[in-house]
1. Using beta carbons and a limit of 9 Å, which pairs, at least six apart or on different chains, have the first residue in region 34-45 and closer than 9 Å to residue 78 by Cβ and the second one of a type in the set (S, T, N, Q) and part of a helix (DSSP H, G or I)?
2. Among the numbered criteria (1) part of a helix (DSSP H, G or I); (2) in contact with a helix residue (DSSP H, G or I) (Cβ under 9 Å, 6 or more places away or on another chain); (3) open to solvent by less than 80 Å² (accessible area, probe 1.4 Å); (4) modelled with pLDDT under 95, which one does residue 5 miss?
3. Of (1) at pLDDT below 95; (2) open to solvent by less than 70 Å² (accessible area, probe 1.4 Å), residue 35 satisfies all except one. Which?
Amino acid sequence: MDKYYSYTDFLKAVGQQPNSNQAEKLLNEIYLDLFLKRLQRIHRIEQLKALIDTSLDQKNEQKFMNYTMELKKLLQSTIA
């Protein structure tokens with residue numbers, strides 16, 4: 001899922017008049033990839049919140065720090 005889609009690739013696909021479905025397929029692939037990445041990110045955020053709660057219950061400071069740092073980075077990457 002770590003594909004890189006360039007605007008140039010999209011324009012090439014659009015520029016091919018006889019096969020305009022290629023541009024539509026590329027656009028659908030981009031949207032699907034973005035959707036799946038978002039689902040993954042949401043799932044990981046929920047996972048980390050549960051792990052943070054567990055580490056607090058167990059009074060494990062190291063795990064708590066690791067999970068909160070990962071969550072913080074993940075949340076910052078979604079905002080940026």
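The values are calculated or read from the model by the stated rules, or taken from the named source; none is laboratory data. Because the structure is a prediction, the values reported are computed rather than measured. Glycine also receives a Cβ, built like all others from the backbone with ideal geometry; neighbour counts cover every protein chain displayed. Ligands, DNA and RNA are stripped out before the accessible areas are found, and what is left, the full protein with its side chains, is counted by its heavy atoms. Shrake-Rupley method; radii C 1.70, N 1.55, O 1.52, S 1.80 Å.
1. That search, which allows pairs on different chains as well, returns 38/78; 41/77; 41/78; 45/78.
2. (1)
3. Just one mismatch for residue 35, condition (2).
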